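One structure is given below, encoded as structure tokens.
The values are calculated or read from the model by the stated rules, or taken from the named source; none is laboratory data. The structure presented is a predicted model; accordingly, all values stated were derived computationally and were not measured. Here Cβ is always computed from backbone atoms with ideal geometry, including for glycine, and neighbour counts include all displayed protein chains. Quick note on the areas: whole protein, heavy atoms, side chains included, nothing else; ligands and nucleic acids left out. Shrake-Rupley method; radii C 1.70, N 1.55, O 1.52, S 1.80 Å.
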Amino acid sequence: MNTLKTFLLMLGMMALFLFVGRAIGGQSGMEYAFILALAMNFFSYWFSDKMVLAMYGAKPVSETEDSDLVRVVRRLAHKANIPMPRVYIINSPVPNAFATGRNPRHAAVAATSGILDMLNEHELEGVLGHELSHVIHRDILISTVAATMAGAIMMLRQLAWWGALFGGGRDREERGGGLELLVVMIVAPLAATLIQLAISRSREYDADKGGATLTGDPMSLASALAKISVGNAHARVPLTTNPATAHLFICNPLKAEGLMALFSTHPPTSERIKRLEAMAGVTGTYQTPQVIY
């Protein structure tokens, strides 16, 4: 169902893009914006792993190092029949982890020092299974395509704004008295952002399921998610995060409460745990852990 949902959301993004292009009426402008956004995201797709790892000061860990992190990644990669990803550590007490890379042959897994201190080996395996599931599912490709379309819509919005400011594009009567222009300027960018975030949340559910299937232990991942969520919420020094990369982490490093939860890149942790419990055949057994810094 999550795969179908992702497909339908991608279709919705494409339909929105075509509507925006038709509304501003400039075929050449639409093509220009799309090509530029595509070029930007193509660069990001090929080089995003290096950029993100450098952004968080991630330090490489040798494959020969005898550590829980390397051992668990090697074991899961062998079980999933994919090449051993590069392994990195981020020096931060805040528990979190992410995977990046355009495909399994160019994948990297990064974990904070905080998550290694907080989780036991079974919970760490659940987290890394989730991250390798992202790699296996080619989620970086999916998120890049979604970002391409959303970025193109944002650029078309700017073209529409400048066109309206200087009187360019189709006249107001052809645009239905400016209604379509209003949609392009306000509604379309918001809708594109919400669709992109919905795709991200859908992929998180699939990665939870895929990771739990890979490890055969849904409850260890549920336990890890609960601990990481509490750890992020009560961190004395939060992880300095670029909002553009927040979707990579296993738990959202940015606080999203109330109305801002609509713009969260991750589904609620409680719902993720509930689904993992259903996979394990248990219900409501989980208590929020107490994490002390």
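Within segment 50-92, the residues that satisfy the criterion of being under 20 Å from the mean Cα position of the chain (by Cα), surrounded by fewer than 20 Cβ atoms within 10 Å (Cβ to Cβ) and either among the charged types (D, E, K, R) or part of a helix (DSSP H, G or I) (or both) are Lys50, Met51, Ala54, Met55, Arg86.
Checking every residue in segment 104-117 against the condition of being touching a residue at least 12 places away in the same chain (Cβ under 8 Å) and in a loop (DSSP other than H, G, I, E, B) gives at least one match. Filtered by the rule that a residue be modelled with pLDDT of 90 or more and more than 26 Å from Ser48 (Cα to Cα), segment 230-267 gives Val230, Gly231. For Leu116, state whether it is at pLDDT 80 or above and buried (at least 24 other Cβ atoms within 10 Å of the Cβ). Against the criterion (at pLDDT 80 or above and buried (at least 24 other Cβ atoms within 10 Å of the Cβ)), Leu116 does not qualify. Just checking, how many residues over segment 93-103 are part of a strand (DSSP E or B) and polar (S, T, N, Q)? Residues that pass the stated criteria total 1. Only residues that are open to solvent by 20 Å² or more (accessible area, probe 1.4 Å), among the hydrophobic types (A, V, I, L, M, F, W, C) and farther than 22 Å from His247 by Cβ were counted across segment 182-217, and they come to 5.
Here Asn232, Asn252, Asn242 are screened, and the one residue that is farther than 25 Å from Ile82 by Cβ, within 11 Å of the chain's Cα centre (by Cα) and not aliphatic (A, V, I, L, M) is Asn252. Inside segment 119-140, residues that are open to solvent by 40 Å² or more (accessible area, probe 1.4 Å) and touching a strand residue (DSSP E or B) at 6+ places or on another chain (Cβ under 9 Å) make up a count of 0.
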